[in-house]
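Below: the structure, in structure tokens.
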């Protein structure tokens, strides 16, 4: 019984394939396959580029977080010049991340973060004391951006 059903299935598939090929020309079939492969490859490339952009953006945010932590460490050691340099590098990394981003909301968040870091940097340069919690808040915002 199974042999009969298997044979019936093979004959049906063969008939269906022959009927389909008989109704459509080979050129049309080739064009359909080519279009399908082109669309598939385009989707794969778009996905890969999107993943690469996301990975590059997250890596940049990790570098920003490292610079903010370094600035906090330098502030605790009363090395304000190095803290300013670390914050300057963090701003540079954030500007590169902003260029990578395509989403307007994240770009706005990055701009706000840049403004906060520059404000802290200005206060450090002018010799004002900075509360450590401001850098903690900046670090939390960087973490939130990286998690999105």
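The values are calculated or read from the model by the stated rules, or taken from the named source; none is laboratory data. Just so it is clear, the model here is predicted, and its values are computed rather than measured. Note: ideal-geometry Cβ built from the backbone for every residue, glycine included; neighbour counts use all protein chains shown.
Name the residue, out of 53, 42, 58, that is in a helix (DSSP H, G or I) and at pLDDT below 85. Exactly one of 53, 42, 58 is in a helix (DSSP H, G or I) and at pLDDT below 85, namely 53. Summed over the range 118-137, the residues that are outside any loop (DSSP other than H, G, I, E, B) and either in contact with a strand residue (DSSP E or B) (Cβ under 8 Å, 6 or more places away or on another chain) or farther than 14 Å from residue 76 by Cα (or both) give a count of 9.
Among the residues of the range 82-97, none qualifies, meaning not one is assigned to a helix (DSSP H, G or I) and at pLDDT below 85. For the condition free of Cβ contacts under 8 Å to residues at least 60 places away in the same chain and under 30 Å from residue 131 (Cβ atoms), residue 46 does not qualify.
When we screen 36, 12 for residues that are surrounded by 10 or more Cβ atoms within 10 Å (Cβ to Cβ), assigned to a helix (DSSP H, G or I) and within 38 Å of the chain's Cα centre (by Cα), the only hit is 36.
For the range 100-111, how many residues are assigned to a helix (DSSP H, G or I) and touching a helix residue (DSSP H, G or I) at 6+ places or on another chain (Cβ under 8 Å)?
Final tally of qualifying residues: 6.
Taken together, the criteria place residue 72 among residues that are part of a helix (DSSP H, G or I) and in contact with a helix residue (DSSP H, G or I) (Cβ under 7 Å, 6 or more places away or on another chain).
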